[in-house]
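Enquirer: Below: one structure in structure tokens.
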Amino acid sequence: MEMEEEKESTELLDECWEMIFDRLEHESDRESITLVCKRFLSLLYESGLDLEELLDVSHDRKQPAVWLEELGSKMQNLKVLRFASGQGDADLVRVAESFPELEELQIGDCRNRGDYHTIAVTGEGIDYLSSKLKRLRKIDISEKQPKPYISDKSLVSLSKNCALLEQIKLHYCYSVTESGISFLINNSHHLNSLHLFAYIRIGSFGTKGCTNFLTNLRSLRLQWVDISDEFLISIVEARIPLTDLALTYSKNYAFTGFLRLLLYTSQFLKSLKLGEVEFLTNEHIEHLSPFLQNLTSIKLIDCSKLSESAFVMITQTCPRLHHLKMTNSSLRRENYNYDGLEKKNCAIKHLDLSSHQNFSHSVLKRLLTICSGVEKLKLRDCCFLLSDRLNVYDILECNRRLVKLDISRSHHLKYSGKNMESSMLEELIARNAWVEDDFLTKLAMISPRLIHLDLEGCRRVTDEGVKGVVKSCKRLRYLSISSCKNVDFSIIAWIVIIRPSLRKLVSPSQKYPDDEYQKLFLQRGCLVLKGLEYSYDSYVDHYAL
């Protein structure tokens, strides 16, 4: 009896939790709450909160059906739901029955979370869902299936049943055809965003004589879709004022059709993404540059003929550019003459120069000198020259505003230089990178603001390097040492005790901690997860629409 009373006393009263929920200002705060309150979901709807958005619930493999139905019984006004489907159409039926007022739905894939025992979502599930959710405005089907399950019939059902449909994203839907897409765009009169990842061919955009409604379309993203110049010109003829355009790994169109499209959309276009455009050269970028001036984001992926000339041209002619991505290009393969007359583009805050082989630190530093306001820098999958290694110290010294650095899977790094003032670095992602203890210890000493450190798969890191970081970085909230073969799991308890700011820690062991130790760590406010047997660094970000 005494033990039961003691157990009950360790939980806050429901009234206390309700007061806490009432003061949550940001959705990320809810994640921290769930770590210390197992009854978060059940208490949430009892608290009377006017919650309109719920993220990632049904991927919980223990009681997904119970969670959906229980929440639906109390939160029927829910507007936004994002979840990873594990039970296929059965999940969709529960969603349709539980949340009749739903306006936005994202269906993810449990396999991204390591659960490969899932049931596929099919067209029948989508048909039933669309028949129930009449207010649906946005749907994202990003489930990866080995066989085609979503067909044209599903698109017809969505278009007919969901009259308010504004945005649709289809990933890996291999049985969708041009006929289904044409029906969708010709009958969804509120459609403003179409993202399609499918191996199909589209000859023209819409049906002639039925394009008046297409002026609502603002975002068009196509990946692996076979198109032509005629398709691009049909967009111009339909007078579609696109603000967001992505053509990645799409074949059979040429510079002529793309130029015609850009001439029309240049006054509207804010975001442009091109992937593996084989014809695109530095000269083309120079020719296009007058029509890129309004862009705030440009991403050039696997455009192998582009080099420093294209980079400099873009930075000099796009004064509003906030995000610049140029990966797997020919940087350093051109004897570019930096005459010192280049203007600095302080507007660029996000810079991604990933996937470059035989890269040079000196070339990178010159590019960063032009983009002096960069706050987030991504250098994934870069192999630097042995004679000109990436000096992280030098990068932090010349870019004092840098708060996030991603050097995952990059080789030939070093950290050398004189003592500098504290950097602004808050997040370092170094999965499978060639980093060592000395590198980490020195970096930690000048990075007191560091809150997020991902060292997954760093085989050269040992207990000594991890301890150096944990001691120096007093604000650290996230640390992953998963698959760090030279780090012993016995260090986990020491980390949790010595660094009370830590909220999430991924163990180097796939067997530790067990449930008992995990509960003990949770009592200290830190969620400790078991590590992976092998480091798996997803390429979703690289290929994402």
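Enquirer: Applying the selection to segment 62-119, what residues are at pLDDT 80 or above, in a loop (DSSP other than H, G, I, E, B) and of a type in the set (D, E, K, R)?
Expert: Listed by number, the residues that qualify are Lys79, Glu101, Glu103.
Enquirer: Sort through Leu529, Leu453, Leu440 and tell me the only one that's aliphatic (A, V, I, L, M), modelled with pLDDT under 95 and closer than 29 Å to Cys383 by Cα.
Expert: Numbers: Leu529 fails: closer than 29 Å to Cys383 by Cα; Leu453 fails: modelled with pLDDT under 95.
Leu440 is the lone residue from the list that is aliphatic (A, V, I, L, M), modelled with pLDDT under 95 and closer than 29 Å to Cys383 by Cα.
Enquirer: Output yes when any residue across segment 475-492 is more than 23 Å from Ser354 (Cβ to Cβ) and of a type in the set (Phe, Trp, Tyr), and no when none is.
Expert: Among the residues of segment 475-492, at least one is more than 23 Å from Ser354 (Cβ to Cβ) and of a type in the set (Phe, Trp, Tyr), which makes the answer yes.
Enquirer: Limited to segment 482-520, what total is found for residues that are at pLDDT 90 or above and basic (Lys, Arg)?
Expert: Counting residues in segment 482-520 that are at pLDDT 90 or above and basic (Lys, Arg) gives 4.
Enquirer: On to the next question. Taking Asp352 as meeting all but one of (1) more than 23 Å from Lys414 (Cβ to Cβ); (2) charged (D, E, K, R); (3) touching a Ser or Thr at 6+ places or on another chain (Cβ under 9 Å), write down the number of the exception.
Expert: Just one mismatch for Asp352, condition (1).
Enquirer: Does segment 364-411 hold any residues that are under 17 Å from Lys442 (Cα atoms) and in contact with a Phe, Trp or Tyr (Cβ under 6 Å, 6 or more places away or on another chain), and which are they?
Expert: Leu390, Val392, Tyr393
Quick grid of which residues meet (1) under 15 Å from Ile407 (Cα atoms); (2) crowded, with 19+ Cβ neighbours inside 10 Å; (3) at pLDDT 95 or above; (4) touching a Gly at 6+ places or on another chain (Cβ under 8 Å):
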| site | (1), (2), (3), (4) |
| --- | --- |
| Arg332 | no, yes, no, no |
| Leu351 | yes, yes, yes, no |
| Ser362 | no, no, no, no |
| Arg380 | yes, yes, yes, no |
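Enquirer: Pairs needed: first member in segment 442-453, within 12 Å of Tyr393 (Cβ to Cβ); second member anywhere, hydrophobic (A, V, I, L, M, F, W, C) and surrounded by 18 or more Cβ atoms within 10 Å (Cβ to Cβ); C-beta distance under 7 Å; at least 6 residues apart or different chains.
Expert: As it stands, the answer is Leu443/Val392; Ser447/Leu425; Ser447/Cys473, since those pairs meet every condition given.
Enquirer: (1) in contact with a Ser or Thr (Cβ under 8 Å, 6 or more places away or on another chain); (2) at pLDDT 95 or above: which one isn't true of Met445, the others all being true?
Expert: (2)
Enquirer: For a quick check of your reading of the model, give me the residue pairs whose first member lies in segment 346-365 and is polar (S, T, N, Q), whose second is surrounded by 22 or more Cβ atoms within 10 Å (Cβ to Cβ) and part of a helix (DSSP H, G or I), with beta-carbon atoms closer than 8 Å and at least 6 apart or on different chains.
Expert: No pair meets every condition.
Enquirer: Any residue in segment 281-292 that's closer than 17 Å to Tyr264 by Cα: show its pairings with residues that are hydrophobic (A, V, I, L, M, F, W, C) and loosely packed, with under 15 Cβ neighbours inside 10 Å at Cβ separation under 7 Å, as long as the two are six or more apart or on different chains.
Expert: Phe291/Leu263
Enquirer: Please verify whether segment 309-323 includes one or more residues that are under 30 Å from Ser482 (Cα atoms) and out of contact with any helix residue (DSSP H, G or I) (no Cβ under 9 Å at 6 or more places or on another chain).
Expert: Step one: list which residues in segment 309-323 are under 30 Å from Ser482 (Cα atoms), which gives none.
For segment 309-323, residues under 30 Å from Ser482 (Cα atoms) and out of contact with any helix residue (DSSP H, G or I) (no Cβ under 9 Å at 6 or more places or on another chain): absent.
Enquirer: Any chance you could count how many residues in segment 271-290 are part of a helix (DSSP H, G or I) and crowded, with 18+ Cβ neighbours inside 10 Å?
Expert: Summing the residues that are part of a helix (DSSP H, G or I) and crowded, with 18+ Cβ neighbours inside 10 Å in segment 271-290 gives 4.
Enquirer: Turning to a different aspect of this structure: For segment 299-327, what are the residues that are within 16 Å of Leu269 (Cβ to Cβ) and buried (at least 21 other Cβ atoms within 10 Å of the Cβ)?
Expert: Across segment 299-327, the qualifying residues are Leu300, Ile314, Cys318, Leu321, Leu324.
Enquirer: Cβ-Cβ below 8 Å, separation at least six or inter-chain, first residue in segment 491-519 and polar (S, T, N, Q), second outside any loop (DSSP other than H, G, I, E, B): which pairs?
Expert: Pairs found: Ser507/Ile492; Ser507/Val528; Ser507/Leu529; Gln518/Leu527; Gln518/Val528.
Enquirer: With (1) part of a loop (DSSP other than H, G, I, E, B); (2) within 20 Å of Ser271 (Cα to Cα); (3) among the aliphatic types (A, V, I, L, M) as the list, and Leu331 as the residue in question, which single condition is left unmet?
Expert: Every listed condition holds for Leu331 apart from (2).
Enquirer: When you look at Ile446, is it under 24 Å from Ser410 (Cα atoms), surrounded by 18 or more Cβ atoms within 10 Å (Cβ to Cβ) and out of contact with any strand residue (DSSP E or B) (no Cβ under 8 Å at 6 or more places or on another chain), yes or no? Talk me through it step by step, then tell me what you get.
Expert: Details: under 24 Å from Ser410 (Cα atoms): yes; surrounded by 18 or more Cβ atoms within 10 Å (Cβ to Cβ): yes; out of contact with any strand residue (DSSP E or B) (no Cβ under 8 Å at 6 or more places or on another chain): yes.
The answer is yes for Ile446.
The values are calculated or read from the model by the stated rules, or taken from the named source; none is laboratory data. Nothing here was measured: the structure is a model prediction, and the numbers come from that model. Cβ: placed from backbone, ideal geometry, glycine included. Neighbour counts: every protein chain shown.
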